[in-house]
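The values are calculated or read from the model by the stated rules, or taken from the named source; none is laboratory data. In this text, all values refer to a predicted model and were calculated from it rather than measured experimentally. FYI the Cβ positions are ideal-geometry reconstructions off the backbone, even for glycines, and counts take in every protein chain you see. When the accessible area is computed, the model is the full protein with side chains, heavy atoms only, and any ligands, DNA or RNA have been set aside. Shrake-Rupley method; radii C 1.70, N 1.55, O 1.52, S 1.80 Å.
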Amino acid sequence: MIQLTFYGAAETVTGSKYLLEAPDGRVLVDCGLFQGQKELRVRNWDRLPFDAASVDAVVLTHAHIDHIGYLPRFVKTGFRGPVFCTPATEELAEILLFDSARNQESDADYANKKGFSKHHPALPLYDDRDVVDTLRLLKSASPREWFNPAGSIWCRYHDAGHLLGSAMIEVEIRRGPKPLRIVFSGDIGRYDGPLYHDPAPPPACDYLICESTYGDRDHGPQRVLDQLCDVVLTSIRRGGVMLVASFAVGRAQQLIYLLRVLIEQGRIPEIPIFLDSPMAASATGIFSKYAADHDLVESKFKGPGSVLDARNVRLARTVNESKRINDVMGPAVIIASSGMMTGGRILHHLKQRLPDARTTVVLGGYQAVGTRGRDLQEGRKSIRIYGQDVPVRAAVAEMSSISGHAGRSELLRWLGSLPSPRRTFITHGELGPATMLADTLRADRGWDVVIPRMEQTFALEAMP
């Protein structure tokens, strides 16, 4: 029997884990951390309902933590097989996983110091040693070339346009006269998005696992450069700092690139840009190495590695350099991770800057339920940071146009050329967006569509 079980990203946008089982092999597609609501985050501490040692291989779509962040814990609990990914994902994963471990250790230490954790002592989910053990298992696979992670299960990657190295996974289970074909979308990127190429069309398949992050809405008609220009000029008029919560890998480089384009075009003044993330600075070298994977049509720059070369871009690698940014009065732009404000250096800036009415906080991209980003998006008057309720007097600006996720119309465009699969599973979306996308595919295309529940298993039947 061939079967698929959803151990994450089912009726939620985080914790992607899909277990694909054939009679002669077991492969886990993605191995992500749950983020957002506490009821999801505590799942990271739960032992999975299957034995990690029984899985033959892991195949990753891309390097974001909600897709790879559980890997060190998975290894810690017994997994010893190969972890397949694209070459760029392999390099980015090292940076992201070490950063994730250090953030967890730092947050645990801070919780113990301040005494606000319910656990005594507070412990990290994993540490640097677990990351080292994990990185030994990574094995890169070239895009568009078939590889064999286990038994009769074969895979190949196609560009998803979401992040450097991001890919959808085409799977063939080669048993019998005709293979069973499955496509895992991963996260689908934007059309005409800055830095990244358009997502490749999905290959024909029997079963499709499709993300639905923005399954219920589009990003709006305003072009990203125009929207960013408006937000920066408004922030300058307000007289304070523009604080951007950003994923350190992908979004940070994209933002600085776009700000540099606006300066190059004379649309905004050359104000200081602080990148408060050693990980983002390190990741830029990887972006430069894979320059051919980027689309730089908006500018005259020769490659993504040049985005940090400007005299107005200042890097904060050390803790002391980060602390010195506290003295900056503005106008200035501060970019810090994490993108949904779940951890990292952004929390220290928020704690200092949110009570100041001159501050502009920019939300760029999806904010999951239960995150501080969603709290700000919904207009909360205070948010809790390190055990304290911090008043929100800052202006909050949304910039959905810099999201790395395809909007609803873009998802439908991506699916437009795909012949009807036997069944489509809608994942990686909250229930509302997932339901709206599923209903559209049923009504407009007559597709058989299911929104799986957490830990729900489905038998996949091969064509006769």
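Summary table below
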item	result
Sole exception among (1) in contact (Cβ under 8 Å) with a residue 40 or more places away in the chain; (2) open to solvent by less than 20 Å² (accessible area, probe 1.4 Å); (3) in a loop (DSSP other than H, G, I, E, B); (4) not basic (Lys, Arg) for TYR157, by number	(3)
Candidate set: segment 93-111, residues that are open to solvent by 40 Å² or more (accessible area, probe 1.4 Å) and modelled with pLDDT under 75; chosen: the one nearest to ALA283 (Cα to Cα)	ASP107
Some residue of segment 294-315 being at pLDDT below 90, assigned to a helix (DSSP H, G or I) and either in contact with a Leu (Cβ under 8 Å, 6 or more places away or on another chain) or charged (D, E, K, R) (or both)	yes
Selected residue [in contact with an Asp or Glu (Cβ under 7 Å, 6 or more places away or on another chain) and of a type in the set (Val, Ile, Thr)] from VAL59, VAL75	VAL75
Counted residues, segment 165-178 - those being without any contact (Cβ under 8 Å) to a residue 40 or more places away in the chain and over 28 Å from ALA291 (Cα atoms)	3
Residue in segment 218-237 that is touching a strand residue (DSSP E or B) at 6+ places or on another chain (Cβ under 7 Å) and assigned to a loop (DSSP other than H, G, I, E, B) present	no
Members of segment 426-439 that are surrounded by fewer than 23 Cβ atoms within 10 Å (Cβ to Cβ) and either under 24 Å from the mean Cα position of the chain (by Cα) or closer than 15 Å to ILE209 by Cα (or both)	GLU430, LEU431, GLY432, PRO433, THR435, MET436, ALA438
One residue from ILE236, ILE209 being in contact (Cβ under 8 Å) with a residue 60 or more places away in the chain, surrounded by fewer than 21 Cβ atoms within 10 Å (Cβ to Cβ), aliphatic (A, V, I, L, M) and farther than 13 Å from TRP414 by Cβ	ILE236
Residue within segment 351-360 that is out of contact with any helix residue (DSSP H, G or I) (no Cβ under 6 Å at 6 or more places or on another chain), modelled with pLDDT under 90 and either open to solvent by 20 Å² or more (accessible area, probe 1.4 Å) or within 27 Å of LEU96 (Cβ to Cβ) (or both) present	no
Selection within segment 318-346 - surrounded by 20 or more Cβ atoms within 10 Å (Cβ to Cβ), modelled with pLDDT of 90 or more and assigned to a loop (DSSP other than H, G, I, E, B)	PRO331
Only one of GLY250, GLY215 that is in contact (Cβ under 8 Å) with a residue 24 or more places away in the chain, under 15 Å from ALA160 (Cα atoms) and crowded, with 16+ Cβ neighbours inside 10 Å	GLY250
Evaluation of THR213 against (1) assigned to a helix (DSSP H, G or I); (2) at pLDDT 90 or above (one fails), failing number	(1)
Test: residue in segment 201-210 that is in contact with a Phe, Trp or Tyr (Cβ under 9 Å, 6 or more places away or on another chain), over 17 Å from ILE402 (Cα atoms) and part of a loop (DSSP other than H, G, I, E, B)	yes
Scan of segment 361-374 for residues that are open to solvent by 10 Å² or more (accessible area, probe 1.4 Å), within 23 Å of GLY407 (Cβ to Cβ) and either of a type outside the set (Gly, Ala, Ser) or modelled with pLDDT of 90 or more (or both), ordered by number	TYR366, VAL369, ARG374
Index of the failed condition, ALA52 passing every other in (1) under 19 Å from GLY151 (Cα atoms); (2) of a type in the set (Gly, Ala, Ser); (3) in contact with an Asp or Glu (Cβ under 7 Å, 6 or more places away or on another chain)	(3)
Search result, residues across segment 169-185 that are touching a Ser or Thr at 6+ places or on another chain (Cβ under 7 Å) and either part of a strand (DSSP E or B) or aliphatic (A, V, I, L, M) (or both)	ILE169, ILE173, PHE184
Only listed residue being touching a residue at least 60 places away in the same chain (Cβ under 8 Å), surrounded by fewer than 24 Cβ atoms within 10 Å (Cβ to Cβ), under 18 Å from LEU412 (Cα atoms) and touching a Gly at 6+ places or on another chain (Cβ under 9 Å), chosen from HIS162, HIS197	HIS197
Entirely in segment 347-434, the strands (runs of 3 or more DSSP E) that have 2 or more residues that are touching a Cys at 6+ places or on another chain (Cβ under 9 Å)	423-427
Positions within segment 141-154 being open to solvent by 30 Å² or more (accessible area, probe 1.4 Å) and assigned to a strand (DSSP E or B), in sequence order	ASN148, TRP154
Pair list, Cβ < 8 Å and 6+ apart or interchain, from segment 254-270 residues that are without any contact (Cβ under 8 Å) to a residue 12 or more places away in the chain and buried (at least 22 other Cβ atoms within 10 Å of the Cβ) to residues that are not in a helix (DSSP H, G or I) and not hydroxyl-bearing (Ser, Thr, Tyr)	none
Helices (runs of 4 or more DSSP H) (entirely within segment 1-84) containing at least 2 residues that are buried (at least 24 other Cβ atoms within 10 Å of the Cβ)	65-68, 71-76
Test: ILE95 is in contact with a strand residue (DSSP E or B) (Cβ under 8 Å, 6 or more places away or on another chain), in contact (Cβ under 8 Å) with a residue 12 or more places away in the chain and hydrophobic (A, V, I, L, M, F, W, C)	no
